[in-house]
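Below: one structure, written as structure tokens.
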């Protein structure tokens, strides 16, 4: 396990690192998750193994610190991640990023272009979302005020999340979980989608085939973003169908791409 200080208050991001050749590959988890739990199986698969790989946990999640004074916006997550990558002497990395982590990766690439050479986004959030009381995921978490969430709303979220997601969500700081969800549904200005369209690096977007066409897929394709449906999976593509995930990801990382 490696670590780096990423805020002026001394908060630390931690990651599991696998040695190998450059360019480095950085795996970034989604809301309430942790990269070692979600990505280890695919990171060591023969189709992806051999590169230096950082299975990194965002602030507030997993192995990393859970500061209560941090804002947890997508921009703040991206800047903290950037500080960790600089400390790890990473530049021009290939980012494989899931869900909220994909949103953070887009913002990272826009704000710190030297650090990112390629994006593989795994069912990432591209647009602001409504707050929906009682729903799963970020929309349901963000429907609470922070006080409501800390005073017991988190228990309702726990019960809705189910044992699998809660097994990693319980590692997240409660302030971190609520603020991350709230800032995710608010999105960025410009939106994550608009930032993605403007990036001049190879970009691939993986989504569950069962979800149907990705909204705005034609505009993404026109901008050079490869949109790849993956069969037999839900939102957690790398866990539900790891073989299809590694095949699609390996192809994306090998492709020349079009800016």
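Spin-label pair residue 86-residue 9: with each label point 7 Å from Cα along the Cα-Cβ axis, the two points sit 2.0 nm from one another. Spin-label pair residue 127-residue 17: with each label point 7 Å from Cα along the Cα-Cβ axis, the two points sit 4.0 nm from one another. Per-residue ellipticity at 222 nm computed for the chain from its helices equals -11500 deg cm²/dmol, with DSSP H segments shorter than 4 residues left out and the rest contributing -39,500 (n - 2.57).
Note on the chain: antiparallel DSSP beta bridges, both residues inside, total approximately 25 percent of the bridges counted.
When Kirkwood radius over Cα pairs in Å is calculated for this entry, the matching label among [x] 20.3; [y] 18.0; [z] 19.4 is [y].
Put in line by how crowded their Cβ is, counting other Cβ atoms within 10 Å and starting with the fewest, 154, 15 read 154, 15.
Each Cα pair under 8 Å and six or more residues apart adds its separation to the average, and for the chain the resulting relative contact order is 20 percent. One decimal place: the segment residue 219-residue 75 gains 49.4 nm when fully extended, by the rule 0.36 nm per residue minus the C-alpha distance.
Over the stretch 80-233, what relative contact order in percent results from Cα pairs under 8 Å that are six or more residues apart? Result for the stretch 80-233 is 23 percent.
Coordinate-derived values only; no laboratory data. For clarity, every value in this text was computed on a predicted model and none was experimentally measured. A quick note on method: Cβ atoms are made from the backbone with ideal geometry, for glycine too, and the neighbour counts reach across all protein chains shown.
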